[in-house]
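Novice: Sending over a structure as C-alpha cells; questions will come in a sec.
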Amino acid sequence: MRSRLGLFLLSAATLIFEVNLTRLFSVAQFYHFAFMIVSMALLGFGASGTFLALFPGFGQGNPRQSLGWLALATGASSLGAYLLMNWLPFDSFSIAWDHRQVGILLLNYLALTTPFFFSGLGTGLLLAAEPGSASKYYAANLTGAALGCATILIAAPGLGGAGIVVLSSGLGALAAILCLSPEPGRPVQAARSGQLAALALLLFAALDCGVRASGRASFAHEWLDMRLSPYKSLSYILQYPGSQVVSQRWNAFSRLDVVLSPGIRSLPGLSYRFLQAIPVQDGLLIDGDELSPILLPGGDLTFCQYLPSAVAFQLRPQPRVLALEPRGGLDVVCALGSSSVTAVESNPLIVAAAPQVYQHPNANLALESSRSFTRRSSDHFDVILLALTASYHPVRSGAYSLAEDYRYTVEAFQDALARLEPQGVLVVMRWLQTPPSESLRAFALAVTALEKRGANPAARIVALRGYNTATLLVKNEPFSPEELTAVRAFAGSRAFDLVYAPDLRPEEANQYNILPEPVYTQAFLELLHAQPRQAFYDRYPFDVSPPSDDHPFFGHFFKWSQAGQVMAEMGKTWQPFGGAGYFVILALLILAALLSATLILLPAGLAPRSDGPARPPLQVACLAYFGCIGLAYLLVEIPLIQRFILFLGHPAYALTAVLASLLFFSGLGSLASARLSPRLALGGLVVLLLAAPSALTWLFTHSLGLSLPARLALTALYLAPLGLLMGMPFPAGVRWLAQSRAAGFLIPWSWAVNGAASVIASILAALLALSFGFRWVFWLGALCYLAAWLTFMALARRSPEAPPGL
C-alpha cells in the first residue's frame, strides 16, 4: 500500500510538471516548443524501460525504498531542469548560424527528459518486481496522473508557472519521504539521509508556495522568475524607455501582462488620413505576446471613424453589436455609441484588466468562448465584429502554424452568420501579406460558409484593404446598390481600396495603396470563380483552403511545393526553421524515430539471453503488441485534446480535462482488466474509434452551447468508456508476459517499447492532424488497436506460453 501511494504521488508530481511545462514553453518561447513536452516525457519513460531491461537487478532488493530514491530524484531534477531551461534558454532564431544552439537544445532536451526518466523508472521497477500486481500499480500510476492534471487548474492562479514547478518538486519529495521510511532488519542510515534530503526539499516547496499563494513575491523570486524569449512582443516593448509591467497575473490557461509604455500605439487598420494624435494606451499581452491596446478613459475617440470596421456602423446606424473576443476592448469602445454592445470574452483576467471597457453601462459581458456563445444564444445582431487580436506574423515564418484557432473555421463562420439579423453584417479583419494568404483564406472561409448556407457568395461579400489590413463585410442577404454606394463613399474618404465587391470595376481596385498589380483582387476573383475550387487551392503557392473544425489550423499555409525554396533559404534568412513550422514537427518525428529505435533495439541486442529458443518470437510479439498499443494510446489522446479545445474553450481546459478523464478511467480499466478479455477490450476500442469523428461532431453540435460545468461533465462521460478500455491492454499484456521464462527481461522491455512507440505517436498525431485532419488520426489509432488485437489473437492460438483465458 505504501508503494502504491508513493507511486500515486510521484505520478501526480510528474503530470503536474509535464502539463505546466506546456504553459511555461508557451510563455517563455513559442507554441511549437510546448508541443515538444509530450515527446520529452514519453522519451524519458521509454528510456527507463530500456535501462531496466539492460540492468534487470536494479532496485529489486527493496523496490519500495528504490521508489523513494527515484521520487526524490524526480523532484530535484524537475527543479534543476527548469532552472537550466530558464538560465540557459535555446534560441531558435539563431540556430542556423550559431551552432552552439544545437548543443543548448540537446542539453535542454536531456535535462527536461531526466525527471520523466526517474519517474518512469519507478513505475517500471514496480511492474517488473511484482507483475502479479501490475493492474494495481498501473492504476495508481494513471489515477495519480489524473489528479496531477486536475491540480493544475486549482493551483495555477495562485502559484504561477514557477510556483507550479516548485509544487511538483515538493510532491516528489513527499512521495520520497513516504517510501524511504526504514524497515526492520535493513540499514537505517541511507534511508534517514534520503528522508532528510526530501524533507528539506518539501519544506522549501511549502514555504515558496505559501508565500506565492499569499500574493507576495517569493523569497526565491529572482532566481526562479521565468525569462522570456527576446523575440516575444513583451521583450521588445520593455526595451522602449519608460516601459514597465504594471500588472502580471496567471490563471490555468494564460499569463496576462499589462504594460505601461509611452511607445504603445496599436490601432490595426487605421487609415493614414487620420492626422490627429493617437490616444494614450496601455498594452495587454497574453503569454508575453499578441499585443492588444487598452484605451484609457477620457480619450478622444475620433479615430474610431477611421478604422475599417466603421463602415459597418454607417451601413447599420444604431445597431445591436456583438464583439467576439475583443481582448483589450478596442472594438467594444468604438461600438459603445450603438444601441447596445455584447462583448464575448473567454478570459476573466482580460475582463479584470480592462474594467473601463467591460463594466461600461452600455456593454453586456458574456464570459465564455465565442463558439459557445454563438451556438447557445438565440439573439440576433446587426453587426458582428470578429476582432483582430493577433499581431502581424510573416506567413513564411511558420511559427504559428501549429496553433488551433476555432474562431476561423467554416463552422465558426456559419455560427456567426446564423446570429445576424437578415440585413446584418459580419466584419472580419486580417493582416495583408504578399502573396495574399491570411486575407485570401478568410475570404475562402466566408465564401464556403455562405455556400454551405445555400447562398451565393458573389453578391454577399465586400472586401476593403488599407496599407496593412484587409477587411471583409459578409451578409446573409445581397448587398443593395445603396449599400455599395455607401461603402464606396467610405472607402474613398478613408483611402481604403476595394478588393472585391459584387459590382467591382477594374479601375477601383488599386487607387490609394497602389501596388504594381492588384494581386488581392485577382486572387479573390480567381478563387471565387474557380471550377472546381479545389483546383485553385491545389495550384496556389500557399495552402489557403478554408479550415474546418476537423482541421482548425488557420495559420498553417505550408505546401510541399515550398520545400525546395525553404531548403535553399536555410541559414540565409532570419525566419526560424527556414520559414516553415511544418519542418519543426518533421524534424522532431525523425529524431523521435531514431531515439525510439535505439531504446527498443539496444536492450534486445545487449541484454543477457537466458530463456532459450522461445525468446525471439516472444520478442517480436512483445514488440508488435506493446508497440501498437503505445502508438494507439497517443494517437487517440492527442487529437482528443485538440478537438476538445473547441468544446471547452481553452487549450489548457482541454488538456487538463481530457488527460484527467482518460487517465482516471484508464486506471479503473487497469483494475478491471482481469475481468474482461483483451480481445473484447481491443475490439471495442476499434469500434469506438472508427465512430469517434462522427460521434464528436454530433456531441459538439448538440451541446456546445451548454455551460462550462455541463460541458466538462459531458467530456468525462464521453471519455469514460474509451478510458476504461484503453487502460486494459497494457496490464493484460504484462500478465501474459509474467508467464514467460523471460519475464524478467520482457516486462521492462515492454515498458520501453510502449514508451518509445508513444514518443513517435505524440509527434505523428500532430503531423497527421496538421496535414489531413483529426479524423484520420483517430482512424490510424483504431488501426493500431486492430493490429494489437490481431497479434493477441495469433498468440492466444499459437503460443504455448500464452496463459489460458487471455
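The values are calculated or read from the model by the stated rules, or taken from the named source; none is laboratory data. Everything quoted here is computed from the prediction, not taken from an experiment. Positions of Cβ are backbone-derived with ideal geometry, glycine not excepted, and every protein chain shown enters the neighbour counts. Just so you know, the surface numbers come from the protein's heavy atoms only, side chains and all, with ligands and any DNA or RNA stripped out. Shrake-Rupley method; radii C 1.70, N 1.55, O 1.52, S 1.80 Å.
Novice: Scan the stretch 247-276 for residues that are of a type outside the set (Asp, Glu) and within 30 Å of residue 150 (Cα to Cα) and report the count.
Specialist: The number of residues fulfilling the criteria is 11.
Novice: Take the residues in the stretch 279-304 that are touching an Asp or Glu at 6+ places or on another chain (Cβ under 9 Å) and in a strand (DSSP E or B), then tell me which one is nearest to residue 263 (Cα to Cα).
Specialist: That would be 283.
Novice: Hey, among the residues in the stretch 725-742 that are assigned to a helix (DSSP H, G or I) and open to solvent by 20 Å² or more (accessible area, probe 1.4 Å), which one's modelled with the highest pLDDT?
Specialist: Ranking the candidates gives 725 first.
Novice: Still on this structure: Tally time: how many residues in the stretch 425-445 are in contact with a Phe, Trp or Tyr (Cβ under 6 Å, 6 or more places away or on another chain) and under 20 Å from residue 383 (Cα atoms)?
Specialist: 2
Novice: Please go through the stretch 238-256 and give me each residue that is open to solvent by less than 70 Å² (accessible area, probe 1.4 Å), closer than 24 Å to residue 89 by Cβ and in contact with an Asp or Glu (Cβ under 9 Å, 6 or more places away or on another chain), ordered by number.
Specialist: Passing the criteria: 245, 254, 255, 256.
Novice: From the list 262, 268, which one is open to solvent by 10 Å² or more (accessible area, probe 1.4 Å), without any contact (Cβ under 8 Å) to a residue 60 or more places away in the chain and not in a strand (DSSP E or B)?
Specialist: 262
Novice: Could you count how many residues in the stretch 232-278 are among the hydroxyl-bearing types (Ser, Thr, Tyr) and touching a helix residue (DSSP H, G or I) at 6+ places or on another chain (Cβ under 6 Å)?
Specialist: Of the residues in that region, 3 qualify.
Novice: Still on this structure, I have one more. Does residue 395 fit the bill of being of a type in the set (Val, Ile, Thr), closer than 23 Å to residue 449 by Cα and touching a residue at least 40 places away in the same chain (Cβ under 8 Å)?
Specialist: When the stated conditions are applied, residue 395 does not pass them.
Novice: Right, another one. Would you check if there is a residue in the stretch 350-366 being within 16 Å of residue 310 (Cβ to Cβ) and either of a type in the set (Gly, Ala, Ser) or out of contact with any Leu (no Cβ under 9 Å at 6 or more places or on another chain) (or both)?
Specialist: no
Novice: Examine the stretch 557-571 for a residue that is surrounded by fewer than 18 Cβ atoms within 10 Å (Cβ to Cβ), among the aliphatic types (A, V, I, L, M) and in contact (Cβ under 8 Å) with a residue 24 or more places away in the chain, and state whether such a residue exists.
Specialist: yes
Novice: Name the single residue that is modelled with the lowest pLDDT among those in the stretch 111-125 being open to solvent by less than 10 Å² (accessible area, probe 1.4 Å), under 24 Å from the mean Cα position of the chain (by Cα) and among the hydrophobic types (A, V, I, L, M, F, W, C).
Specialist: 112
Novice: Please go through the stretch 324-364 and pick out each residue that is free of Cβ contacts under 8 Å to residues at least 24 places away in the same chain, surrounded by fewer than 19 Cβ atoms within 10 Å (Cβ to Cβ) and closer than 17 Å to residue 250 by Cα.
Specialist: 351
Novice: Another question about this same structure. Among (1) open to solvent by less than 20 Å² (accessible area, probe 1.4 Å); (2) of a type in the set (D, E, K, R); (3) assigned to a loop (DSSP other than H, G, I, E, B), which single condition is residue 441 missing?
Specialist: It is condition (3) that residue 441 fails.
Novice: Let me ask you something else. Please find, among 163, 194, 170, the residue that is closer than 14 Å to residue 12 by Cβ, of a type outside the set (Val, Ile, Thr) and touching a Phe, Trp or Tyr at 6+ places or on another chain (Cβ under 9 Å).
Specialist: 170
Novice: Can you name the helices (runs of 4 or more DSSP H) wholly within the stretch 331-436 that have at least 1 residues being of a type in the set (D, E, K, R)?
Specialist: In the stretch 331-436, 370-376, 410-418 are the helices (runs of 4 or more DSSP H) which contain 1 or more residues that are of a type in the set (D, E, K, R).
Novice: Scan the stretch 305-323 for residues that are open to solvent by 10 Å² or more (accessible area, probe 1.4 Å) and either free of Cβ contacts under 8 Å to residues at least 60 places away in the same chain or in a strand (DSSP E or B) (or both) and jot them down.
Specialist: Residues satisfying the conditions are 305, 317, 318, 320.
Novice: Let me ask something else. Could you check how many residues of the stretch 547-563 are more than 18 Å from residue 403 (Cβ to Cβ) and either in contact with a Lys or Arg (Cβ under 7 Å, 6 or more places away or on another chain) or assigned to a loop (DSSP other than H, G, I, E, B) (or both)?
Specialist: Going through the stretch 547-563 one residue at a time, the tally reaches 1.
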